[in-house]
Each structure stands twice: as C-alpha cells, then as structure tokens.
Amino acid sequence: MKLVVLEPESAALRAFLRAHVLRMSGALAEAEVPRALRRAGYGAAEHRRATETLARLALVANPTLPPLTQQPRQQRVWSRP
C-alpha cells in the first residue's frame, strides 16, 4: 500500500528500495492490496498504480496453498465485491 498510496512511511520505503534491486511480496498481496484500496475508498488511479506496482514484484506463494487464480497476472482485473 505504501508504494501505491502516499502514506507517512512511503518516502522512507522508497529510499530503502532504491538500494535493493530484487523486490518481492507475498502472493497474497494480489488479493489484499485491491481489497484494502476498495475498503479505504480509493479509485481507479490507485487501482491502476497497484496493478503496475504488483506487476514489478516477484510474488512468493506458499506451495501448500492453492493458487489464487489460473488466469495470467496481466489479464486479471480488479473487481468490486
């Protein structure tokens, strides 16, 4: 979220990330970031930034859990509940 929406810690996180080339997140971020944006009332611009940000990350999944979706990442759409 701190890379998608400006928060107090966003600048410090960006500064830290400039020194680290490999960027990873848990695969759960694909579901949780859009959910958090919806709950906080953010719109299309933030959802677009989230899609772009997640596309640049290596997502790490727990191999014991089923995949979130079989659809390729670039074809997924953020839907409202």
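The values are calculated or read from the model by the stated rules, or taken from the named source; none is laboratory data. All figures in this text were calculated on a predicted structure; none of them were measured in a lab. As a convention, Cβ positions derive from the backbone with ideal geometry for all residues, glycine included, and neighbour counts pool all protein chains shown.
For (1) on the phi > 0 side of the Ramachandran plot; (2) outside any helix (DSSP H, G or I); (3) loosely packed, with under 11 Cβ neighbours inside 10 Å, each residue gets a yes or a no:
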site	(1), (2), (3)
3	no, yes, no
14	no, no, no
17	no, no, no
32	no, no, no
35	no, no, no
39	no, no, yes
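So, in region 19-30, of the ones that are of a type outside the set (A, V, I, L, M, F, W, C) and closer than 15 Å to residue 55 by Cβ, which residue ends up surrounded by the most Cβ atoms within 10 Å (Cβ to Cβ)?
Selected residue: 30.
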List, please: which pairs have Cβ atoms under 6 Å, are six or more places apart or on different chains, and start with a residue in region 1-16 that is more than 17 Å from residue 37 (Cα to Cα) and end with one that is among the acidic types (Asp, Glu)?
none
Select, from 30, 52, the only residue that is within 14 Å of the chain's Cα centre (by Cα) and modelled with pLDDT under 90.
30
Checking residue 29 against (1) out of contact with any strand residue (DSSP E or B) (no Cβ under 8 Å at 6 or more places or on another chain); (2) among the small types (Gly, Ala, Ser); (3) within 19 Å of residue 60 (Cβ to Cβ), which single condition isn't satisfied?
(1)
Please go through (1) surrounded by 11 or more Cβ atoms within 10 Å (Cβ to Cβ); (2) at pLDDT 60 or above for residue 78 and return the number of the only condition it doesn't satisfy.
(2)
